[in-house]
Amino acid sequence: MNKTYTESFVVRATDCDKYRRMRLDALFIAMQEGGERHALALGAGYDAMMARGLFFVLARIHVTTQRAPRCGEEVLHTTWPGVANRFFCPRYHVFTLRDGTPLAAAGALWVMLDVQERRIVSPQKIDLGFPDNSDLPAPIALPTRLPSLGDAQKSFSRTPVFSEFDVNGHVNNTKYIAWLCDTLGSEAMNGMYIGDLTAGYEREIRSEAPLRLSLSRDDAAFSFLVASEAGEKHFAAGGTLRQEA
């Protein structure tokens, strides 16, 4: 059984921003797809889980980026599951260049939901068949708490559209990251990249209803919130921008 999974990809122009850097939401897509391919190899891919009436949902994630991958570069992505506990199935990701140059690392906490009831199912009650990876060092700390949110300095309404919903019937986790980058905008991202990010997915978005997106900035630090018009939190994130070399 493969304890880790490694694949390579070339950064496509369609995955890059206007500064020729791989967008953070595209990096999240690479994590999502690579993690699914490893889960398939372990017998816990999407179809296998759906046959058991279950599916995985990203709950929290911590990402650090030392340097954004750039257009045309070949990137190595290594991922593996961590040790599950009562509520969460951790998964780690490491991105490097072929020569070993570090790019990014992430630690994610996933939960299993019952398809019908949309309630959390403990991984300790389900035999997922994952390898014992307790001997593998964590490349990054898993998120333990969500960032504190400052008073919103920028706020606007956004309504999810058809292309933002995925096979689970909710807005895909990568779309929230795109919304964050859109809200930060070109001025903030010119010469800067999100160097550290902690994010939490609080409540699924399953309808095309208006949302309230709010951003707070303090120099390089930021916080971001997606909530319903009634104030129910869907997504909260905070982090810092880092100067790109």
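Put simply, when 103-116, 209-222 are sorted by average Cβ atoms within 10 angstrom per residue, most first, you get 103-116, 209-222. Within the straight-line cut-off of under 20 Å between alpha carbons, the aspartates and glutamates reachable from Lys18 are Glu73, Glu74, Asp182, Glu187, Glu244, sequence neighbours fewer than 8 places apart in one chain being disregarded. Applying both filters, DSSP loop and at most 13 other Cβ atoms within 10 Å, to the GluC sites (Glu not before Pro) of region 70-154 gives Glu117. Could you tell me the distance between the Cα centroids of region 36-72 and region 152-168, to the nearest Å? Distance between centres, Cα-based: 21 Å. Estimated from the Cβ-Cβ distance and a Förster radius of 35 angstrom, the FRET efficiency linking Glu202 and Ala48 is about 0.80. Computed in the context of the full set of protein chains, the accessible area of the chain at 1.4 Å probe radius has 49% of its extent on carbon or sulfur.
Looking at region 1-75, none of the chymotrypsin sites (Phe, Trp or Tyr not before Pro) sits in a DSSP loop with at most 12 other Cβ atoms within 10 Å of its own Cβ. The shape of region 92-196 can be summarised by an equivalent ellipsoid whose semi-axes, obtained from the alpha carbon gyration tensor, come to 29, 24, 15 Å from longest to shortest.
At q = 0.20, 0.22, 0.26, 0.31 Å⁻¹, what log₁₀ I(q)/I(0) does region 1-55 have when each alpha carbon counts as one equal point scatterer in the Debye sum? Result of the Debye calculation: -0.78, -0.85, -0.98, -1.16.
Using the rule -39500 (n - 2.57) for each DSSP H run of four or more residues, divided by the residues of the chain, the 222 nm mean residue ellipticity is -5500 deg cm²/dmol. Would you please classify the overall shape of region 29-116 from the alpha carbon gyration tensor, given that a ≥ b ≥ c denote the square roots of the eigenvalues, rounded means a/c under 1.5, and beyond that prolate means a/b larger than b/c while oblate covers the rest? Taking the square roots of the gyration eigenvalues as a ≥ b ≥ c, region 29-116 is prolate. Extension gain for Ser163 to Ala138 (0.36 nm times residue separation, less C-alpha to C-alpha distance): 5.6 nm. Pairs from the table (Lys125/Lys175; Lys125/Lys233; Lys154/Lys175; Lys175/Lys233) lying more than 23 angstrom apart at Cα are Lys125/Lys175; Lys125/Lys233. Per residue, the convex hull around the alpha carbon atoms of the chain comes to 129 Å³.
The values are calculated or read from the model by the stated rules, or taken from the named source; none is laboratory data. Keep in mind it's a predicted model, so treat the numbers as computed, not measured. Cβ sites come from the backbone with ideal geometry, for glycine too, and all protein chains shown count toward neighbours. Protein only, heavy atoms only, side chains kept; ligands, DNA and RNA dropped before computing areas. Shrake-Rupley method; radii C 1.70, N 1.55, O 1.52, S 1.80 Å.
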